[in-house]
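**Student:** One structure coming up, written as structure tokens, with questions to follow.
The values are calculated or read from the model by the stated rules, or taken from the named source; none is laboratory data. All values derive from a computational prediction rather than experimental measurement. Cβ placement follows ideal geometry from the backbone for every residue including glycine, while neighbour counts extend to all protein chains displayed. Side chains are part of the model used for accessible areas, which takes the heavy atoms of the whole protein and leaves out ligands, DNA and RNA. Shrake-Rupley method; radii C 1.70, N 1.55, O 1.52, S 1.80 Å.
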Amino acid sequence: MAKIVCVLYDDPVNGYPKSYARDDIPKITKYPDGQTTPTPQAIDFVPGHLLGSVSGELGLRKYLESNGHTLVVTSDKDGANSRLDQELPDAEIVISQPFWPAYMTAERIAKAPKLKMIVTAGIGSDHTDLQAAMDRGITVAEVTYCNSNSVAEHVVMQMLSLVRNYIPSYNWVIKGGWNIADCVERSYDIEGMHVGTVAAGRIGLRVLRLLKPFDVHLHYMDRYKLPDAVEKELNLTHHTSLESLTKACDVVTLNCPLHPETEHMINDKTLKNFKRGAYLVNTARGKLCDRDAIVRALESGQLAGYAGDVWFPQPAPQDHPWRKMPHHGMTPHISGTSLSAQARYAAGTREILECYFDKKPIRNEYLIVQGGKLAGVGAHSYSAGNATSGSEEAAKFKR
Ligand code: NAD
């Protein structure tokens, strides 16, 4: 029988919800490319309820305990003596969400001799040292596509909020003002602008499709070229370098995974190639950007705005400079954990666990690492290596 350690974010400060704003969520059975949404044998939760916090337990307790397994759920994940660290010596599976990541560094993996699988309840497994997982033969799996469309909605929302200067204008209302000139001195229409995505995978392509009706000029770069028919349908300009894309665009969004090839791809040097006054939206991973270079670019006006929901490390320390930098529209890491998305990734996590315990293959598209090498989406979208360095700083949030 296995011990499963599940690291989840804390419940709401006023307690686990007793009721919800809406009675149901839409039923979605397929993603845009035809892939089916998760297909576990059963679920023990109500779709639309809060599942990603400690009391929600991703709806897993009944299933795991009725099969004789032990489930430990905690939010205590950072610092040398965290509950996560205490539970590692006999853990067989560790589950966490990128919003509140259990940083599975090589040191932690070494503390867990029985560890066989690390599951990301969501998308993006950079919080695991993938090299260490490969070296130990540990499987790393995630719920591919579960929240890609959720994130794309957040990207479009944040692009519009930056370009139209929404947050400062909202704040004038709260302050009791009617300061129209103050609101609009930084407000533009996105219509006619050049908008580009770094990566056109599930999220990046969805962003391009959502933006098409805004009558913007669409650009992308990726390791892979999109089919000619898609380029034609969306009237896309394809770029083969970051420099070429950023020189052409008024708004840039990052939608690639964090891996050794993409870490700090946005830095003082690459920011020089942006148009002055460009907007940057990053809901992919905080460490794609050099933290302090972003602050400098906003202060100098090289960037007119920066928004996103991803930080490094997470949770972001109280003194993280992105909390106070000018012209930002940051949220905590929430875009992929709407109640709608939670229902999909809780079901997907259950599907992965059922496959593991029933000794059936996990869907290839859910795999990041298997059999000592990158596999599935991991082989398509990642490069080998480790991107967890510096994650111990997350412990600073507690102090
Ligand atoms: P995906 O695998 O469908 O797409 C990733 C794309 O990135 C692929 O097309 C790949 O070719 C491209 N890519 C990889 N390395 C590249 C490079 N060096 N240069 C250019 N392109 C490169 O994944 P997805 O569903 O679109 O998700 C992408 C990432 O978004 C995830 O890995 C994760 O980090 C992030 N994400 C964030 C949230 C959130 O809540 N904020 C939720 C889901 C995913």
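**Student:** Tell me whether segment 197-258 comes out rounded, prolate or oblate; compute the Cα gyration tensor, take square roots of the eigenvalues as a ≥ b ≥ c, and use a/c under 1.5 as the rounded threshold.
**Tutor:** It comes out rounded by the Cα gyration axes.
**Student:** Between LYS62 and ASN171, what is the label-to-label distance in nm when each label sits 7 Å out along the Cα-to-Cβ direction?
**Tutor:** 4.6
**Student:** Next question. Starting from the Cα of LYS111, step 7 Å toward the Cβ, then list every residue of segment 374-399 with an amide N under 18 Å from that point.
**Tutor:** 388-399
**Student:** Taking the Cβ of SER53 as the centre, find all other residues whose Cβ is under 12 Å away and add up their charges (Lys, Arg: +1; Asp, Glu: -1).
**Tutor:** Counting the neighbours of SER53, the net charge comes to -3.
**Student:** Just the accessible area per residue of the chain, please: how many Å² with a 1.4 Å probe?
**Tutor:** With the other protein chains kept in place, the chain gives 44 Å² per residue.
**Student:** Now a separate question. One quarter of the convex hull surface, Cα atoms only: what value does that give for segment 66-141 in nm²?
**Tutor:** Averaged projected hull area, Cα only: 5.0 nm².
**Student:** Something else about it: Provide, for segment 24-162, the number of lysine pairs with alpha carbons under 27 Å apart, each pair being eight or more places apart or on different chains.
**Tutor:** So the count of such lysine pairs works out to 8.
**Student:** Return the FRET efficiency for the residue pair CYS355, ASP182: r is the Cβ-Cβ distance, R0 is 45 Å, and the value is rounded to the nearest 0.05. If you can, show how the numbers build up before the last one.
**Tutor:** Details: r = 56 Å, r/R0 = 1.24.
That pair, CYS355 with ASP182, gives E of 0.20.
**Student:** Continuing with the same structure: Quick one: grab the alpha carbon gyration tensor of segment 1-52, order the square roots of its eigenvalues as a ≥ b ≥ c, and give me rounded if a/c is under 1.5, else prolate or oblate depending on whether a/b is larger than b/c.
**Tutor:** Working: a/c = 2.26, a/b = 1.21, b/c = 1.87.
Judged from the Cα gyration tensor, segment 1-52 comes out oblate (a/c at least 1.5, b/c at or above a/b).
**Student:** Continuing with the same structure: Spin-label point model (7 Å from Cα, Cβ direction): what's the HIS217 to GLU299 distance in nm?
**Tutor:** 3.3
**Student:** A further question on this structure: Set the Förster radius R0 to 51 Å, insert the Cβ-Cβ distance between GLU191 and THR36 as r into 1/(1 + (r/R0)^6), and round the FRET efficiency to 0.05.
**Tutor:** Plugging the Cβ-Cβ distance into 1/(1 + (r/R0)^6) gives 0.90.
**Student:** Find out how many positive minus negative residues lie around ILE352, taking Lys and Arg as positive, Asp and Glu as negative, among other residues whose Cβ is under 9 Å from that of ILE352.
**Tutor:** -1
**Student:** I'd like to know which of ALA297, TYR345, PHE312 lies farthest towards the positive end of the charge dipole of segment 283-399, counting +1 on Cβ of Lys and Arg and -1 on Cβ of Asp and Glu.
**Tutor:** So the residue we want is TYR345.
**Student:** In the chain, which helices (entire DSSP H runs) extend 24 Å or more along their own long axis, judged by Cα positions, while averaging at least -1.0 on the Kyte-Doolittle scale?
**Tutor:** Sorted by number, the helices that extend far enough and score high enough are 339-357.
**Student:** If I take R0 = 25 Å and measure r between the Cβ atoms of THR331 and ARG164 in this structure, what FRET efficiency does the formula 1/(1 + (r/R0)^6) give, to the nearest 0.05? Before the final figure, lay out each step's value.
**Tutor:** Working: r = 17 Å, r/R0 = 0.67.
Here the calculated transfer efficiency is 0.90.
**Student:** Among THR262, THR270, THR349, determine the one that fluctuates most according to a GNM of the chain built with springs between C-alpha atoms less than 10 Å apart.
**Tutor:** Maximum among the listed residues: THR270.
**Student:** Related question: Can you tell me how much longer the chain between SER55 and ASP135 gets when fully stretched, taken as 0.36 nm per residue apart minus their C-alpha distance, in nm with one decimal? Write down the numbers at each step before the final one.
**Tutor:** Working: separation 80, 0.36 × 80 = 28.80 nm, distance 3.41 nm.
Between SER55 and ASP135, full extension yields 25.4 nm more.
**Student:** Follow-up. Under a crude label model (7 Å from the Cα following the beta-carbon direction), how far is ASP319 from LYS232 in nanometres?
**Tutor:** So the two model labels end up 5.8 nm from each other.
**Student:** A further question on this structure: Largest first and in whole Å, give the semi-axes of segment 268-399's equivalent ellipsoid, each being the square root of 5 times a Cα gyration tensor eigenvalue.
**Tutor:** 34, 18, 15
**Student:** For THR74 and LYS373 in the same chain, what is the full-extension length gain: residue separation times 0.36 nm, less their Cα-Cα distance, in nm?
**Tutor:** 104.7 nm
**Student:** Test of understanding: what is the full-extension gain from GLU365 to ARG83, defined as 0.36 nm times their sequence separation minus their Cα-Cα distance?
**Tutor:** Values: separation 282, 0.36 × 282 = 101.52 nm, distance 3.12 nm.
Full-extension gain reported as 98.4 nm.
**Student:** Cα centroids of segment 232-303 and segment 58-96: how far apart, whole angstrom?
**Tutor:** 37
**Student:** Still on this structure: At 222 nm, what helix-only mean residue ellipticity would the chain give, in deg cm²/dmol to the nearest 500, using -39500 (n - 2.57) for each DSSP H run of four or more?
**Tutor:** On the way: 14 runs with 116 residues, N = 399.
Taken over the chain, the calculation gives -8000 deg cm²/dmol.
**Student:** Now, a different point. Please work out the Cα center distance from segment 124-146 to segment 348-371, rounded to the nearest Å.
**Tutor:** The two parts, judged by their Cα centres, are 12 Å apart.
**Student:** Find the eigenvalues of the gyration tensor of the Cα atoms of the chain, then list the square roots of 5 times those eigenvalues as equivalent ellipsoid semi-axes, largest first, in whole angstrom.
**Tutor:** On the way: eigenvalues 239, 107, 94 Å².
Taking √(5λ) for each eigenvalue gives 35, 23, 22 Å, largest first.
**Student:** To continue, here is another question. What are the extents of the Cα atoms of segment 144-274 along their three principal axes, listed from largest to smallest and rounded to whole Å?
**Tutor:** Here the spans come out as 50, 33, 30 Å, largest first.
**Student:** Now a separate question. Assigning unit charges at the beta carbon (Lys, Arg +1; Asp, Glu -1) and nothing else, what dipole magnitude in debye, to the nearest 20, does segment 87-206 show about its Cα centre?
**Tutor:** Charge dipole of segment 87-206: 80 debye, to the nearest 20.
**Student:** Within the accessible area of segment 59-197, what % is carbon and sulfur when the probe is 1.4 Å and the other protein chains stay in place?
**Tutor:** Carbon and sulfur atoms account for 53 percent of the accessible area of segment 59-197.
**Student:** From the Cα gyration tensor of segment 228-321, with a ≥ b ≥ c the square roots of its eigenvalues, which class applies: rounded if a/c is under 1.5, or else prolate if a/b is larger than b/c, or else oblate? Please report the intermediate quantities before stating the final value.
**Tutor:** Details: a/c = 2.06, a/b = 1.49, b/c = 1.39.
Taking the square roots of the gyration eigenvalues as a ≥ b ≥ c, segment 228-321 is prolate.
**Student:** Moving on to the next point. Could you order peptides 189-199, 18-28, 234-244 by the average number of other Cβ atoms within 10 Å of their residues, highest first?
**Tutor:** Per-residue mean Cβ counts within 10 Å order the peptides as 189-199, 234-244, 18-28.
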